[in-house]
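**Q** Below is one structure. I have some questions about it.
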């Protein structure tokens, strides 16, 4: 990633060790300011432990962390007022209203201005679409509403970055849409959004950049556009006289051929001239029922990197 890009989060060789096991192993994160950054990985891959170190909730075994330009934990108190976080699900008093929960939480913040508390709480509730439910007790909230209340809590003050750990975990489709739409609207305001998830579909729909983590290590990082380009283009070809087609393709330098029951699949350069190949096959009287180039999905690319699957459909 270009070093000239201003970073909201930067880690270098960040490691967290429990006994002989490294839950986070030497990771270098680069989260550009203004991005919607996806932190993708299977459950148990080390994402939440990484987030807890970034927020100063857990001590790193080694490595450096910068949050909005501040070294962590040394300048944690300078960075945290600019950071909103929703980690491991929101916790509220169930028999208090949403509004009173936010007032209680804000009252416990020694940096919060008590004179503007009521105004800020109401503004945060309006921002997440909970004004009409502000006086309703939290035990009557749906999971989606509780997540939005958690986001309202994170937005009680102006924030430069929001760190959200599995923000749609356990939500029904409606709740998931509500939270995704809210994240998009916050991103449009210029807030850097850092979203941890095991759901590839969530990351693809929301994010401009991502890092893929597995077994404590980052195995891919960059913009989604950059990562798509790294996956191998392949030729898909269906024809009669398959054995002869294979010989012809080998003569033209395509050696890593994979024979499927009904087609040939071969890795090719991204600029491969499929039209000229089609013209040659027709000239030699082959019956071509399908010929095309295919870009593997991000899911396939990540599975090849990690050896693990990602939940794709919500």
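**Q** Do we have residue 154 as under 19 Å from residue 83 (Cα atoms), buried (at least 19 other Cβ atoms within 10 Å of the Cβ), in contact with a strand residue (DSSP E or B) (Cβ under 7 Å, 6 or more places away or on another chain) and touching a residue at least 24 places away in the same chain (Cβ under 8 Å) here?
**A** yes
**Q** For residue 190, are the conditions met, namely being on the phi > 0 side of the Ramachandran plot, at pLDDT 90 or above and outside any helix (DSSP H, G or I)?
**A** yes
**Q** Please enumerate the residues belonging to the stretch 84-115 that are within 25 Å of residue 192 (Cβ to Cβ), modelled with pLDDT under 95 and not in a loop (DSSP other than H, G, I, E, B).
**A** 84, 85, 86, 105, 106
**Q** Okay, next question. Keeping to the stretch 123-146, report how many residues are outside any loop (DSSP other than H, G, I, E, B) and under 28 Å from the mean Cα position of the chain (by Cα).
**A** Looking only at that region, the number is 9.
**Q** With the stretch 1-48 as the region, which strands (runs of 3 or more DSSP E) entirely inside it contain at least 3 residues that are in contact with a strand residue (DSSP E or B) (Cβ under 9 Å, 6 or more places away or on another chain) and closer than 14 Å to residue 63 by Cα? Walk me through how you get there before you give the answer.
**A** Working: elements: 7-18, 21-27, 30-32, 36-40.
Hits in the stretch 1-48: 7-18, 21-27.
**Q** If I ask for residues that are more than 14 Å from the chain's Cα centre (by Cα) and crowded, with 18+ Cβ neighbours inside 10 Å, which ones from the stretch 210-230 would you list?
**A** If the condition is that a residue be more than 14 Å from the chain's Cα centre (by Cα) and crowded, with 18+ Cβ neighbours inside 10 Å, then 216 is the only one that fits.
**Q** Still on this structure, please answer the following. Would you mind stating whether residue 120 is surrounded by 14 or more Cβ atoms within 10 Å (Cβ to Cβ) and in a helix (DSSP H, G or I)?
**A** yes
Here's the yes/no breakdown for (1) in contact with a helix residue (DSSP H, G or I) (Cβ under 6 Å, 6 or more places away or on another chain); (2) under 30 Å from residue 181 (Cα atoms); (3) surrounded by 15 or more Cβ atoms within 10 Å (Cβ to Cβ); (4) not assigned by TED's automatic domain parsing to the domain that holds residue 164:
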site	(1), (2), (3), (4)
200	yes, yes, yes, no
208	no, yes, yes, no
244	no, no, no, yes
252	no, no, no, yes
276	no, no, no, yes
291	yes, no, yes, yes
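**Q** In the stretch 63-88, what residues are surrounded by fewer than 13 Cβ atoms within 10 Å (Cβ to Cβ) and more than 24 Å from residue 186 (Cα to Cα)?
**A** 74
**Q** Taking only the stretch 89-102 into account, find how many residues are surrounded by 13 or more Cβ atoms within 10 Å (Cβ to Cβ) and under 22 Å from residue 167 (Cα atoms).
**A** Total meeting the criteria: 9.
**Q** Scan the stretch 168-185 for residues that are in contact (Cβ under 8 Å) with a residue 40 or more places away in the chain, crowded, with 18+ Cβ neighbours inside 10 Å and part of a helix (DSSP H, G or I) and report the count.
**A** Adding up the residues that qualify gives 4.
**Q** Now for a different question. Which of the strands (runs of 3 or more DSSP E) found entirely inside the stretch 216-295 contain at least 2 residues meeting this: modelled with pLDDT of 85 or more and under 30 Å from residue 28 (Cβ atoms)?
**A** Per the criteria, 217-223.
**Q** Please verify whether the stretch 154-162 includes one or more residues that are under 23 Å from residue 55 (Cβ atoms), under 17 Å from the mean Cα position of the chain (by Cα) and outside any loop (DSSP other than H, G, I, E, B).
**A** Yes, because at least one residue in the stretch 154-162 is under 23 Å from residue 55 (Cβ atoms), under 17 Å from the mean Cα position of the chain (by Cα) and outside any loop (DSSP other than H, G, I, E, B).
The values are calculated or read from the model by the stated rules, or taken from the named source; none is laboratory data. Being a predicted model, the structure only gives us computed values, none of them experimental. Positions of Cβ are backbone-derived with ideal geometry, glycine not excepted, and every protein chain shown enters the neighbour counts.
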